[in-house]
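Here the structure comes first, spelled out in structure tokens, and everything after it is commentary.
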Amino acid sequence: MDIQQLKNLFRKYNLKPNFTYGQNFLIDDFVLQDIVDASGVTSADAVLEIGPGIGNLTRLLCERAGFVLSIEKDDKFFPILHGIKKDYKKNFRFEIADALEYNFQSFFQEQGFKSYKVVANIPYYITGKILQMLLSAKFKPTSVTVLTQKEVARNLVARPGDLGLLAISVQLYGEPKIVQTVLAKSFYPAPKVDSAVVKIDLFKKPKYDIGDEKKFFKILKACFTGKRKQIHNTLVNNLKLEKDLVLKILSDIKIAPSSRPQELSIEQWIELARIIS
Ligand code: SAH
């Protein structure tokens, strides 16, 4: 679909891009094809798509996948999605709902699917929330292929030295890779920055045992609140721990008190959180 075809579609359905829903539509057919290729989806797969919008990615997914469930928040897209449903009666289902609220795990389980993959051009304003929801789900997807802002993609694949909170919450559960960069002009309206296709392959068996997830992230969040601060200070100030105790813990697990949070590895965070909690 080129920009003219998109504009015609908008006219036909009396639509216009809604910025509050993070609507940037992909108008580059090659990129759409690349996303589906990168996802590795086959007729054996069930797919969850978040934010189908005008259904350009949706149609390609319906061609390729065994089953597609698309969740769209904006009910203006109902007629378009309903039209797609007519073309793919057997293997397509859509819901007008907030993807952060909709219980897709139960849906897939009730339909008897043993696994599912996520493939989507997601709304960027909730990238972090979507990734956290998917990766910490009880019934997790086997892979997640999504577009993100290029900067976010770089953050996701970061190594210790630049390892932020979002990267940790992704890398605990899987291995993220940047598949390719996507120029801003591939979208309408064009976002301010370039994007990237990111694929996260989730670990088949959990790689890390982080114990109580809530406590683990509470400790991490407290430490990352003082991003540029040294770890011994954030532990004392944000978690209200005794200074002597903090220094002893850090020395026991061989973390320099002057380390910054982004310098620690996932293994070190797990060790630190285990001792503190
Ligand atoms: N997949 C389409 C549209 C991407 S734009 C394309 O590539 O062209 C992001 C889409 O996510 C929009 O359709 C927007 O309405 C939808 N969206 C925004 N917030 C959402 C939410 N909480 N749950 C589900 N969909 C959402």
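The values are calculated or read from the model by the stated rules, or taken from the named source; none is laboratory data. This structure is a prediction, so every number in the text was calculated from the model and none was measured. Here the Cβ positions follow ideal geometry from the backbone for every residue, glycine too, while neighbour counts run over all protein chains shown.
Here is how the numbers come out for the structure above:
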quantity: Residues of the stretch 99-149 that turn out to be among the basic types (Lys, Arg) and either crowded, with 19+ Cβ neighbours inside 10 Å or touching a Phe, Trp or Tyr at 6+ places or on another chain (Cβ under 7 Å) (or both), as a count; calculated: 2
quantity: Single match in LYS16, LYS7 (criterion: in the same structural domain as LYS117 (by TED's automatic domain parsing), charged (D, E, K, R) and part of a loop (DSSP other than H, G, I, E, B)); calculated: LYS16
quantity: Filter pass, VAL152 being within 16 Å of the ligand (Cβ to nearest atom) and in a strand (DSSP E or B); calculated: no
quantity: Subset of the stretch 28-74 [acidic (Asp, Glu) and in a helix (DSSP H, G or I)]; calculated: ASP29, ASP34, ASP37, GLU63
quantity: Residue identified as touching a helix residue (DSSP H, G or I) at 6+ places or on another chain (Cβ under 7 Å) and either within 14 Å of the ligand (Cβ to nearest atom) or in a loop (DSSP other than H, G, I, E, B) (or both) among LEU131, LEU166; calculated: LEU131
quantity: Subset of the stretch 251-277 that is assigned to a loop (DSSP other than H, G, I, E, B) and in contact (Cβ under 8 Å) with a residue 40 or more places away in the chain - its residue that is surrounded by the most Cβ atoms within 10 Å (Cβ to Cβ); calculated: LEU264
quantity: Unique residue being touching a Lys or Arg at 6+ places or on another chain (Cβ under 6 Å), in the same structural domain as PHE10 (by TED's automatic domain parsing) and not in a helix (DSSP H, G or I) when the list is VAL197, VAL179; calculated: VAL179
quantity: Filter result for PHE77 (without any contact (Cβ under 8 Å) to a residue 12 or more places away in the chain and either assigned to a helix (DSSP H, G or I) or within 11 Å of the ligand (Cβ to nearest atom) (or both)); calculated: no
quantity: Restricting the stretch 39-83 to residues that are under 20 Å from the mean Cα position of the chain (by Cα) and surrounded by fewer than 19 Cβ atoms within 10 Å (Cβ to Cβ), the residue that is nearest to GLN5 (Cα to Cα); calculated: ASP74
quantity: Yes/no for SER39 being within 12 Å of the ligand (Cβ to nearest atom), hydroxyl-bearing (Ser, Thr, Tyr) and under 21 Å from LEU202 (Cβ atoms); calculated: no
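A quick yes/no check of all residues on (1) in the same structural domain as THR145 (by TED's automatic domain parsing); (2) under 30 Å from ASN18 (Cβ atoms); (3) of a type in the set (Gly, Ala, Ser):
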{"site": "LEU163", "(1), (2), (3)": "yes, no, no"}
{"site": "PRO189", "(1), (2), (3)": "yes, yes, no"}
{"site": "VAL193", "(1), (2), (3)": "yes, yes, no"}
{"site": "LYS221", "(1), (2), (3)": "no, no, no"}
{"site": "GLU242", "(1), (2), (3)": "no, no, no"}
{"site": "LYS254", "(1), (2), (3)": "no, no, no"}
{"site": "SER259", "(1), (2), (3)": "no, no, yes"}
{"site": "TRP269", "(1), (2), (3)": "no, no, no"}
